[in-house]
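Scroll down for the structure; my scribbles are underneath it.
The values are calculated or read from the model by the stated rules, or taken from the named source; none is laboratory data. Note that the structure is predicted; figures quoted are calculated from it, not measured. Cβ coordinates were reconstructed from backbone atoms using ideal geometry, including for glycine residues, and neighbour counts include every protein chain displayed. Only protein heavy atoms, including side chains, enter the accessible area calculation; ligands, DNA and RNA are left aside. Shrake-Rupley method; radii C 1.70, N 1.55, O 1.52, S 1.80 Å.
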Amino acid sequence: QVQLVESGGGLVQAGGSLRLSCAASGRTYTSYVMAWFRQAPGKEREFVAHWNGGSTYYADSVKGRFAISRDNAKNTVYLQMNSLKPADTAVYYCASGFSGGYYATPRKYDYWGQGTQVTVTA
């Protein structure tokens, strides 16, 4: 089993920054490839960013503002979020256990954290 624990969410004004963290424990070799998704109320879970051995991919809506990184020694992945907008308000989830295929598809990941709330005010 893999446990993923997110932290770092909170309330921030538009234009501000937050850094989310996701610590993996358990079968961490399955957490080498990791991703961030988010889900706003009434909307489907959507892809944010993906890290795969140094290659990174981003949703168009966050490209240039968000950055995903990983600390292998700590089995932790980060999401640095800058220039935040009210549209970024959502619960943010980290995911691991990628089974291959299109990285932006939630069902391609086997393990999920509990989520951390990010609220951006105008």
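Quick notes on this structure:
- Among 86-99, 52-65, the order from most to least packed when residues are scored by Cβ within 10 Å on average: 86-99, 52-65
- Value of Rg/Rh across the chain [Cα atoms, Kirkwood radius]: 0.94
- With all projection directions averaged, the alpha carbon convex hull of the stretch 56-112 covers 4.6 nm².
- The accessible surface of the chain, taken with every protein chain in place and a 1.4 Å probe, is 48 percent carbon and sulfur.
- Accessible area (Å², per residue) of the stretch 16-122, counting only protein heavy atoms and a probe of 1.4 Å: 48 Å²
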